[in-house]
Amino acid sequence: MSLADGHKSEVEVYTTSVVIRLEERVIRTQLIILPYAKGNRTLLGMDFLQKAGIVLNLKHRNWFFSDSPHRTYDFVKEAIIQEVQSRPNLEENTCLLRDDEGKCLTLDQKNELGTLLKKVRNCV
């Protein structure tokens, strides 16, 4: 893995595929989870910008989608984070699927996810 400072190292990571909604667009992307990192925010890199077709205009402090250069979006100085629903305290989380989760998964997928959650719990 290469970090933003150019440092390269080999570490065990987890990956997942997520959907990100941005200005009425839907972009499916892969995220890398560092099991040892705690309290970090999500960092989207060059791979995401390229896949989404996002062009950064640093001089004017805005960005746009490459297929719609006439519609620009200003950079924000501070993100407004709004909790939609309360989340369990991760320190108290038992790292198991709740009853309402995993309904669309097969039994094998549920078992695989359960195994992964147990691994993550052991890393925390």
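Points worth noting:
- Subset of region 17-37 [outside any strand (DSSP E or B) and within 17 Å of Leu116 (Cα to Cα)]: Leu34, Pro35, Tyr36, Ala37
- Every test in (1) under 27 Å from Val120 (Cα atoms); (2) loosely packed, with under 13 Cβ neighbours inside 10 Å; (3) aromatic (Phe, Trp, Tyr) is passed by Tyr14 save one, and that test is (2).
- Taken over region 29-42, the criterion of being surrounded by 10 or more Cβ atoms within 10 Å (Cβ to Cβ) and under 12 Å from the mean Cα position of the chain (by Cα) is satisfied by Thr29, Gln30, Leu31, Ile32, Ile33, Leu34.
- Flag if Ile27 is in contact with a strand residue (DSSP E or B) (Cβ under 9 Å, 6 or more places away or on another chain), modelled with pLDDT of 90 or more and of a type outside the set (Ser, Thr, Tyr): yes
- Being in contact (Cβ under 8 Å) with a residue 24 or more places away in the chain and touching a helix residue (DSSP H, G or I) at 6+ places or on another chain (Cβ under 6 Å) is a condition met by at least one residue of region 18-34.
- When Leu44, Leu96 are screened for being in a loop (DSSP other than H, G, I, E, B), at pLDDT 80 or above, out of contact with any Asp or Glu (no Cβ under 6 Å at 6 or more places or on another chain) and not small (Gly, Ala, Ser), only Leu44 passes.
- Filter pass, Val55 being surrounded by 10 or more Cβ atoms within 10 Å (Cβ to Cβ) and touching a Lys or Arg at 6+ places or on another chain (Cβ under 8 Å): no
The values are calculated or read from the model by the stated rules, or taken from the named source; none is laboratory data. Note that the coordinates shown come from a computational prediction; the quantities given were computed from them, not determined experimentally. Ideal geometry is used to build each Cβ from the backbone, glycine not excepted, and the neighbour counts take in all protein chains shown.
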